[in-house]
Amino acid sequence: MSIKVTPLHPKFVARVEGVDIACDIPDADFADLRAVFEKHSVIIIHNQNIDDEKQMIFSKRFGELEMMAPHLGNNGVPRHISVMHNEDKDGNIIPPDDKRMIYQSANMIWHSDSSFKSIPSLCSMLHARVLPPKGGETEFASMRAAYDSLDSKMKKFLEHKVVIHDFANTRKIVGGQLSEWQKKNLPPVRQALIRKNTVTNRKALFIGGHATSIEDMDKDNGKALLGELLEHATQKAFVYSHNWNVGDLVIWDNRAVLHRGRPWDIANYKRILHRTTVAGEGPSI
Ligand code: OGA
Ligand code: MN
């Protein structure tokens, strides 16, 4: 495969051309793509004409798929595809104050998918199906750039710290409801604050909306530090904003970036993207 790689930001993110997800990509070509993923953290591929089945087959090249828990965003039905949408089953726009939209609005908080699981995810991919005329971008922030720019004293202080990530935290922020399944099955978990990529040796901050406290630190001080780190890590210089086209497939490394959705006129326009999430290879600690 002669893939063409074009960096889209000084710190991370690359557009890849010459890939057709719908086809069976040869192993050697997939290895090239995987190397781009490890290096650039976010891959943008335009014009992909795929259905859920094709998206799942391609996603599995990266590893095992995570099963989405039964929740308000998928009508309580667990499956490998998670749909970001504001359309009900009759094709009407779901009102912004509906509990399903409040639940999904937690996606607008900076986060790493599944950082609340004891084995956090490797990557996620979103495929754009229906888009509003403006708004609804997805932003990505490089946690490697954020880590690199800390001073050496702070890097040393953070090195072996453990952070508690709790799914309930992001829902609490937006006032969303957890399902009974989620209450029972998603207890707070411990994660390394600094993660090292074993392919590139780059270190990244592992923080975001699910992060609630730092072990062995006073609760308020830990929370305040997490807040300061998040603000530092999501400053403009480390952020890429993706303006979607229908057919775009975006793959991101949940170990190395945070992401968040941006608002659009949700009362008047539909926005539908389908997501797969690939499980990580082990705990972060
Ligand atoms: C996600 C997510 C943001 C968006 O699908 O994991 O956070 O822009 N989406 O829809
Ligand atoms: Mn997400």
Among 141, 26, 65, whose Cα lies farthest out toward the positive end of the dipole of the stretch 1-155, if unit charges sit on the beta carbon of Lys, Arg (+1) and Asp, Glu (-1)? 141
Heads up, the stretch 29-72 by the C-alpha gyration tensor (a ≥ b ≥ c square roots of eigenvalues; a/c under 1.5 rounded, else a/b over b/c prolate, else oblate) looks prolate
With +1 assigned to the C-beta of every Lys and Arg and -1 to the C-beta of every Asp and Glu, and no other charges, what is the dipole magnitude of the stretch 44-194 about the Cα centre in debye, to the nearest 20? 560 debye
Spread of Cα-to-Cα distances over 10 Å intervals beginning at zero, given as percent, for the stretch 1-155: 8, 32, 36, 19, 4, 0
Counting only residues 5 or more places away or on other chains, whose amide H sits under 5 Å from the amide H of residue 87 once H atoms are built in the peptide plane? 94
Provide 269, 147, 103 in ascending order of the number of other Cβ atoms located within 10 Å of each residue's Cβ, fewest first. 269, 103, 147
Stick to Cα atoms and the Kirkwood definition of Rh, then tell me Rg/Rh for the stretch 137-205. 1.08
What does the convex hull of the Cα atoms come to per residue for the stretch 134-269, in Å³? 155 Å³
Which listed pairs, of 134/270; 117/161; 172/223; 54/134; 183/270, have C-alpha distances above 20 Å, in listed order: 54/134; 183/270
Distance (nanometres) between label positions extended 7 Å along Cα→Cβ at residue 185 and residue 23: 3.8 nm
Convex hull per residue volume in Å³, alpha carbons only, for the stretch 59-126: 105 Å³
In debye, nearest 20: dipole of the stretch 199-247 around its Cα centre with unit charges on the Cβ of K, R (+) and D, E (-)? 320 debye
Value of [θ]222 nm, deg cm²/dmol, for the chain, DSSP H segments ≥ 4, -39500 (n - 2.57) each, nearest 500: -7000 deg cm²/dmol
Residues of type lysines that residue 39 reaches as a straight line, Cα spacing below 19 Å, ignoring anything fewer than 8 places off in the same chain: 4, 11, 196, 203
Whole-angstrom gap from the stretch 231-277 to the stretch 92-145, using each part's C-alpha centre: 6 Å
What FRET efficiency would be calculated for the residue pair residue 47, residue 154, taking the C-beta separation as r and a Förster radius of 35 Å, to the nearest 0.05? 0.25
Which number comes out as Rg/Rh for the chain once both Rg and the Kirkwood Rh are worked out on C-alpha atoms? 0.95
Here the relative contact order (percent) of the chain, from C-alpha pairs under 8 Å and at least 6 apart, is 33 percent
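Every number in this text was worked out from the coordinates using simple rules, so none of it is lab data. Source: prediction; values computed, not measured. We place every Cβ from the backbone using ideal geometry, glycine too, and count neighbours over all the protein chains shown.
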